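**Q** Got a structure here, written out as C-alpha cells. Questions coming.
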Amino acid sequence: MTMVLGLDIGTTSTIGILLRLPDEILVTASRSVSLRSPDIGWAEEDPADWWANVCSIIPELLEKSGAKASDIRAIGTTGMLPAVVLLDENGAVIRPSIQQSDGRCGAEVADLKAEYDEAAFLAKAGNGINQQLVTAKLRWIERHEPDNFKRIATVLGSYDYINYRLTGALAVEQNWALEAGFVDVTRHEIDDGLVALAHIPRSVIPPKRVSHAITGHIDEKGALETGLAIGTPVVVGAADMIASALGAGVVDAGDVLLKFGGAVDILTATDVVRPDARLFLDYHLVPGLFMPNGCMSTGGSALNWFIETFAGGEKEAAKAAGLTIHQHLDGMADKKSAGADGLTILPYLLGEKTPIHDPAARGVVEGLTLSHDLGHIWRALLESYAYAIRHHIEVLIDMGHRPKRYFVSDGGAQSRIWMQIVADVLEAPVQRLSGHPGSCIGAAWTAAIGAGLTDDWRGITRFVTFAEQLQPNWENGVHYRKAYRRYRDLYGQLSPLWQ
C-alpha cells in the first residue's frame, strides 16, 4: 500500500489522518488539547501535549488501518499560525507556546509602530504591524521574562516543532516566517533587518523552506517514540488554514473558504499580491499563488469555553437526548428568531486580530434582558462570528477581490444552524463539503507532493465532494443587515473605552 500521513497540530485538538493514494481516506484519530489563558488576553499551550498526542495517535492509526509503518511513504504536518515555540541550546522547550490568538503584546506593537513606518513595513513584509507578529511576542518576552529571553537558541512554530521531534532537523515553513514578520516579500527571503526588530540574532531563526520540501527523515528517536519507520521522509508542512483551503479545492480566484476550527479563518486564492494591513498575506500551497486571509482570535475555542463556563449543566440533557452538547445548544438556538431578540455579542474574548487588529478589544454581551435564555445567548454567539465574516468579505471586496463561491470546512461546519446563519448574513449560498476532515488532509497531500508520489495539486479534490448547499433566507437577511450594522457600531462606540 502507498500511504501518506497527515498531522494537524490544532488549537483545540491534534488530528492524524492516513490516506491511501490516489483517493482513499483510511482512518483518522484525534486527541484534545488544552488552551490556557492564565492572564487577560493570553493564549498558551504546552508543546509537550502536542508531542504526546502525536505519539499516541500514530499507533492508533496504524492499528485501525491494519497498516505497517513501512507502508507510510511520507509525512506532512500542519498547525496553527504563527505559534511561538522557544527552544534552548539543548533543544528543550523554554516556556509554554504563545499562540497565534494571544493578545498580550499591545505595548510592543505600539513600540514597533513608533519605530518603523507602517506603510514601509507593509510593503516589505507583506503584512502590517499587529499582534500577530512573532517580533512583538518576542519583545514581550524580552521585557517581561528576561531570563527566558536570554536562553532562546531557536524560535519556530508548532508544526515546525513536531517536525523537529520527528527528524531532529530544524526549519521553519514559509508561511510561519511570513506571518512572523521576517520575510521580505519582494525577495521571498528572510530579511536580516526584519529579524533584528525582534532583538534576536539571525541564527535563532532556522532556514525557511517551502511547504512541500523535505525537511528531514524519521530518526531513531522519532521512530522509537511514535512507531514510525526510520528514514520516512517528512515534508516541511503547511499553515492549517492554507492546508484546509487546498483540501476544499480553493485554487481559483473568487473561491472563498470559511474555516471553522479553534479560530475562524476566511481565505481566498489569487495570483496578485495586494498587501493590506487589515488582513494577512500568505503563500498558497500551489506554487505561484497567494492566499490573502483573515483569522479571528477565537471561534470553536470560544464556543468550548462558553460551554465549560456557562452551559455545563446542559450536558446531561444532551446525553439523554443522544446529542452532543453542541447539537443540544444548536437545537435551542434554532428555536430563536434571527437576531436573538435584540441580543448582540462581540466575540473579542482574546482581543481581536483581523480585520480590526485590536488586542485591547473585549468580549461584549449587549442587550441582555430577563426574557433571554441560554438559547438566545448561544444563537447570538453563532451570529457574532457570521457578522465578523461579513466584515472580512467587505474588506476583500474593498481590496479588489471578487468573492463568488463560499465553501465551509472543519468542525464548526458540521453545525447546520451556524452555517445557515452564515448564509443568511452573507446573503449568499454556502457550500458544505463532504469528506473534508480539516487541515490534516492538506498536510497529507502536501507530503505526497513533496515525496514525488504525485505532482497534481488539484488531485486532493478527489477526497472531498460537495454536500448540502445552504441557500440564504432572504427575510432573515434583511433583518441581519440591521443587526450587522449594530454589531459594527457597537465596536466603534466601545473601542475608545478599551484603549
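What follows is calculated from the coordinates using simple rules that are stated; it is not laboratory data. Only a predicted model underlies this, so the values are computations on that prediction, with no experimental measurement involved. Quick reminder, even Gly has a Cβ in these numbers, built from the backbone with ideal geometry, and neighbours come from all protein chains shown.
**Q** Quickly work out the ASP252-to-THR309 label distance, labels modelled 7 Å from Cα along the C-beta direction, and quote it in nm with one decimal.
**A** Distance between label points: 4.2 nm.
**Q** Hey, another quick one. Contact order normalised by length for the chain, with contacts defined as Cα pairs under 8 Å and 6 or more residues apart; what percent is it?
**A** After rounding, I find 17 percent.
**Q** Right, something else. For ARG486 and LEU26, what does the FRET efficiency come to when R0 = 51 Å and r is the distance between their Cβ atoms, rounded to the nearest 0.05?
**A** FRET efficiency, ARG486 to LEU26: 0.60.
**Q** Which length gain, in nm to one decimal place, applies between ASP334 and GLU115 when the Cα-Cα distance is subtracted from 0.36 nm times their residue separation?
**A** 73.9 nm
**Q** A further question on this structure: Compactness ratio of the range 260-408: Cα Rg over 2.2 N^0.38 Å, N = residue count? Kindly include the intermediate steps, with their values, before the conclusion.
**A** Numbers: Rg = 17.5 Å, N = 149, 2.2 N^0.38 = 14.7 Å.
Relative to the rule-of-thumb radius for its length, the range 260-408 sits at 1.19.
**Q** Hey, can you grab everything whose amide H is under 5 Å from the amide H of GLY10? Only 5+ residues off in sequence or another chain; H modelled, so Pro and N-termini drop out.
**A** Hits under the 5 Å cutoff: ILE15.
**Q** Next question. Subtracting the Cα-Cα distance from 0.36 nm times the residue separation, let me have the gained length for SER70 to ARG143 in nm, one decimal. Don't skip to the end; give the middle numbers.
**A** Values: separation 73, 0.36 × 73 = 26.28 nm, distance 4.76 nm.
Value of the extension gain: 21.5 nm.
**Q** On to the next question. With a Förster radius of 35 Å, plug the Cβ-Cβ distance of ARG151 and ASP373 into 1/(1 + (r/R0)^6) and report the FRET value to the nearest 0.05.
**A** 0.10
**Q** Measuring from a point 7 Å past the Cα of GLU89 along Cα-to-C-beta, which residues in the range 177-207 have an amide N at less than 16 Å?
**A** It comes to 201, 203-204, nothing else.
**Q** Moving on. In the chain, with Lys and Arg counted as +1 and Asp and Glu as -1 at Cβ, which of these residues, ILE214, ILE98, LEU323, has the Cα nearest the positive end of the dipole, that is, farthest along it?
**A** The Cα lying farthest towards the positive end belongs to LEU323.
**Q** Further, regarding this structure: When DSSP assigns beta bridges and you keep just the ones with both residues in the range 3-239, what percent turn out antiparallel, to the nearest 5?
**A** 70
**Q** If you don't mind, there's one more thing I want to ask. Expressed as cubic angstrom per residue, what is the convex hull volume of the alpha carbon set of the range 444-486?
**A** 126
**Q** So which of LYS315/LYS353; LYS353/LYS482; LYS137/LYS315 end up more than 26 Å apart, counting from Cα to Cα? Display every interim value, and only then the final one.
**A** Numbers: LYS315/LYS353 32 Å; LYS353/LYS482 24 Å; LYS137/LYS315 37 Å.
Violating the 26 Å Cα-Cα cut-off are LYS315/LYS353; LYS137/LYS315.
**Q** Local charge sum around ARG274 (other residues, Cβ-Cβ under 14 Å, Lys/Arg +1, Asp/Glu -1)? Spell out each step's value before the answer.
**A** Numbers: positive: ARG278, ARG402; negative: ASP271, ASP276, ASP282, ASP398.
Charge balance near ARG274 sits at -2.
**Q** To make sure I understand the rule: partners must be aspartates and glutamates, Cα under 16 Å from the Cα of LYS113, and not fewer than 8 residues away in the same chain. Which ones qualify?
**A** ASP276, ASP358
**Q** Identify all lysines with a Cα-Cα distance to LYS68 below 21 Å; exclude those on the same chain that are fewer than 8 residues away in sequence.
**A** LYS221
**Q** Please give, to one decimal in nm, the separation of the simple spin-label points placed at ALA123 and VAL273, each 7 Å out from Cα toward the Cβ.
**A** 1.3
**Q** Something else about it: Once you compute Rg and the Kirkwood Rh from C-alpha atoms, what is the Rg to Rh ratio for the range 45-114?
**A** 1.15
**Q** Quickly work out the ALA360-to-GLN471 label distance, labels modelled 7 Å from Cα along the C-beta direction, and quote it in nm with one decimal.
**A** In this crude spin-label approximation the distance works out to 4.7 nm.
**Q** Right, another one. Taking the Cβ of ASP398 as the centre, find all other residues whose Cβ is under 10 Å away and add up their charges (Lys, Arg: +1; Asp, Glu: -1).
**A** Residues near ASP398 contribute -1 overall.
**Q** For the range 420-499, what is Rg from Cα atoms divided by 2.2 N^0.38 Å, rounded to two decimals?
**A** Against the compact-globule rule of thumb, the ratio is 1.71.
**Q** Find the Cα radius of gyration of the chain, compare it with 2.2 N^0.38 Å by division, and give the number to two decimals.
**A** 0.93
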